[in-house]
C-alpha cells in the first residue's frame, strides 16, 4: 500500500500542534459501507490523541481525531458523511499502531457505545458523544422520549405536560448513566497516567528543571506549540517573565536570561525535556 | 489540609459578609437560596473590596484581613436578623425520600463527588484557565508579573492573559494562595467547584421556593448537574460556570421581587466575566421592566424597582468600571463590528439543538417553553423569567452571528460553553411553566 503524506493546518479541535502528518497507512482500496476501524494500541499511547485521515476515490479527504485507549480500540466512522464509497487510502498519525477495517459484530457495537470520551484540551468546549449501532445517542434518547410520552399519557393516565416532562427526565437519567460510566473511564485513565493528562504527560519534569535553572532570573519562551505555551507560562508565572519579541530592540531593558524554546540554535542549553530546551542567553558586555 | 481549611473558612467569611448585606434587603424567611445568595454576594463584595485596597497600595494579605474584619463585624452586628432568614435544614427531611428521589440524589452526589475528585487530584489543564484566569491569578499572587500601572507590560497580568477580563476570580484565587502561603492546583480552580454547587443547589432551592414540591426541586437539581459540559467546568477554572451560578441565583431573587438582591447577584456576573455586562444585565433589566409594566403598583414603584436593580448591579463593580475607563481597557481584546454571516443561523441551530455537548437538553427546553407559552404568558412573573431566557438566547445568537465571535461558532468552541451559561435559567423556566399548570401540591406559592 502506498504511504500518504498529509499535512493539515491547525485543526480547531487540536490546539496541540500546528502541523500534523498522517502518514502511517492502515488500509487501502476498500468499501467503507457499514465498517468501523479496529486499532491495536500499544500501552504507551494510552490517552494520546490520534488523527485518522482518508481519501476516497472521488478525491475527497477527511480526518477525525480520537483519543486512544490501549489494547483493542474501535473507532466509529459510520456517522461521518465522508466515510462512504470506496476508500483509496486510510492512514493515521502515530507509528506502531496496527489496525483493520471491519464490519462490527454485536459485541463490537456495544464496545463502540462504551468507548470512553477521554479528556482532551477540547473537552472544555465540546463533548464528542456516543453512538449505538451507528445511531447517535441523542437520536436514541429522542426515540425513548417520544415512546415514553404515550406510555405515561395513556397507560399511566398522566396529563400530557407531565408525560412530556417525565419522559424527558427518564431519557435524561439514561443519558446521565452513560456519562457516569464515562466519568469512571476518565478517572481510570487519569489514574493510569499518574494523574497527568495528555498532552502534558511528563511536562512537570520540564517545569521542575526550568524552575531550578531560572531561579530568581527573568525568563521567556519562544512560541511553543499550542497549549504547551500556556502550560509552561502558567507553571512559571511566579518568576519574572518577559514576553519574547522577535526584534531585540523592542525587548524590555531588564533582559531575558533564560528562554524556553524548541529551537535552541547555537545558544547555551542548560537543560531540556520533551523536546523543549532551556537556553541561557548571553550577558551583555558592559 | 491547610488549603482545604482555608477553602472552608473563606466560604464562611464570604457567607457572613453576604448574609450581613442580605439581611438589609430580604423580605422572605427561611428560603434555602438565601444561604447560597449570601455566599455569592459576599464573594463579590469581598473581591471588589480587595481590588480597591490593592489599588491603594495594600498587600493581598492586609486587604483580605480588612475584608474579613468587615465580614465579622457586619455579620456580628446583623446576626440576630441573619438567624431569622437562614434555612433550617434537618436530616429528617431526607427520611421520607422515595426511591426515584434517592436515584436523583445519588446521581447528583456522583457529579459533585467527581468534580471534587478532579479538583483534588488533577492539574489545571484547559487553555483559558492556564492563561486568562489562573495564569493571571498566579501572576497577581507572585507579584512580579502583575501591576496596576498601565504603562508597564505587567499591567493586569496581560502577559499571561487578556487584561480586558474582569478580576473577580483572579483576586479570589490570588487571595487563597496568599493565605495558603503557596499556589496549588486546588486553589487554581476551587471557585469553579463552588459555582457548580451554587448552580445545583440554587436550581433546586429556587424550584422548591415556588413549587414547594420536593421531587421537582430534586429533578431540577439533577437535570442541571447532568449537563455534560458541567462535568469539566466544575473543576476547570473557567468562569462561564460562575456567570451561570450568579444568574441562577439572580432568578431566585427576582422571583421573590427582591430587586436589590437581584442586582447584587447580576453584579457578580459582571465581575467574573464581561458576558455579565453585555448580556445578563440588560436581559434581567428587560425581564424586570416587563414585570413592572403589568404590576399593580404606581409608576413611582415601577421606576424605583428598576433603579434599585440597576443601582445594585452597577455600584459594586463601579470601581472596576472606573479603573478600566481611566486606563482605556475595553471589554474585549478583539475589535469587532457587526457583520452578518449567512451560514450562522444553521450553524447556531446545529450547535444548540444537535450537539452531543448538550444532547436532548436544549431542544426539549426550547420546545417546552414555546409549547407552554399560553400558560406562562398569563403570569406576570412567568413572562418575566421567560423573556429573560429568550433575550439571553437571542443575544447569544446575535453575538455569534454578527460579530467576530462567529469564528467560535464556526469552529464549535466557545459557543457551547456560552450557551451552557443559560442552562440553569432554562431549567427554572421549564419547571415554573410546569408548575403554573397547577401540578404543584402546595397552595402557598409566589405567583403573580
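Read the figures in this text as sums done on the coordinates, not as results from a lab. Predicted model only: the values in this text are computed from it and were never measured. Cβ coordinates were reconstructed from backbone atoms using ideal geometry, including for glycine residues, and neighbour counts include every protein chain displayed.
Apply the a/c threshold of 1.5 to the C-alpha gyration tensor of the protein assembly as shown and tell me whether it is rounded, prolate or oblate. Oblate shape, in that a/c is at least 1.5 and b/c is the bigger or equal ratio. For the options B:236, B:373, B:129, a Gaussian network treatment of chain B with springs between C-alpha atoms closer than 10 Å singles out B:373 as fluctuating the most. Projected label points at residue B:66 and residue A:105, each 7 Å from Cα along the beta carbon direction, are separated by 7.2 nanometres.
Shape of the range A:203-280 from the C-alpha gyration tensor: rounded (a/c under 1.5, with a ≥ b ≥ c the square roots of its eigenvalues).
Radius of gyration (Cα atoms) of the range A:63-216, expressed as a multiple of 2.2 N^0.38 Å: 1.42.
Counting only other chains, what is the mean number of Cβ atoms within 10 angstrom of the Cβ of each residue in peptide B:233-246?
Values: counts 2, 0, 0, 2, 2, 2, 0, 1, 0, 0, 0, 0, 0, 0.
Mean shielding by partner chains, rounded to a whole number: 1.
In a Debye calculation with equal point scatterers on the alpha-carbon sites of the range B:1-154 and no solvent, what is log10 I(q)/I(0) at q = 0.11, 0.12, 0.13 Å⁻¹? Log10 of I(q)/I(0), two decimals: -0.64, -0.75, -0.85.
In this calculation the C-beta distance from residue B:342 to residue A:146 is compared with R0 = 30 Å, giving a FRET efficiency of 0.40.
Can you quote the Å³ per residue value for the convex hull of the Cα atoms in chain B, rounded to an integer?
Numbers: hull volume 66.9 nm³, N = 448.
Normalising the Cα hull of chain B by residue number yields 149 Å³.
Note on the range B:243-448: along the principal axes its Cα atoms extend 50, 43, 24 Å, ordered by decreasing extent.
Shielding of peptide B:403-415 by partners, expressed as the average count of other chain Cβ atoms within 10 Å per residue Cβ, is 2.
Given the DSSP H assignment, sum -39500 (n - 2.57) over each helix run of at least 4 residues in the protein assembly as shown and divide by its residue total; what's the result at 222 nm in deg cm²/dmol, nearest 500? The partial results should precede the final answer.
Values: 27 runs with 375 residues, N = 734.
Mean residue ellipticity, 222 nm, calculated: -16500 deg cm²/dmol.
Taking every residue in B:360-367 and counting other chain Cβ atoms within 10 Å of its Cβ, the average works out to 4. Cβ crowding within 10 Å ranks B:372, A:281 as A:281, B:372, fewest other Cβ atoms first.
The order of B:320, B:117, going from fewest to most other C-beta atoms within 10 Å of their C-beta, is B:117, B:320. Within the listed set A:103, A:265, A:239, the Gaussian network model of chain A (springs between alpha-carbon atoms below 10 Å) gives the highest mean-square fluctuation for A:265. Among B:111, B:335, sorting on how many other beta-carbon atoms sit within 10 Å of each Cβ, with the fewest leading, yields B:335, B:111.
From the largest down, chain A spans 90, 52, 33 angstrom on the principal axes of its Cα atoms. Taking a point 7 Å out from the Cα of residue B:322 in the direction of its Cβ, the residues of the range B:129-159 whose backbone N falls within less than 19 Å of it are B:148-150.
All C-alpha pair distances within the range B:346-410, sorted into 5 Å bins from zero, spread as 4, 16, 21, 23, 17, 11, 6, 2 percent across the bins. Model label points for residue B:58 and residue A:84, set 7 angstrom from Cα along the Cα-to-Cβ axis, are 6.7 nm apart. Here the range A:7-104 has an Rg and Dmax of 12.7, 36 Å, counting Cα atoms alone.
Distance from the C-alpha centroid of the range B:136-180 to that of the range A:134-197: 41 Å, rounded to the whole angstrom. Consider a paramagnetic label point 7 Å from the Cα of residue B:155 along Cα→Cβ; state which residues of the range B:164-180 have an amide N under 19 Å from it. Zone members listed by number: B:164-168. Panel note: the C-alpha atoms of the range B:90-237, placed on their principal axes, show extents of 61, 31, 28 Å (largest first). Can you give me the Cα centroid spacing of the range B:17-41 and the range B:304-377 in angstrom? After rounding, the separation between the Cα centres reads 26 Å.
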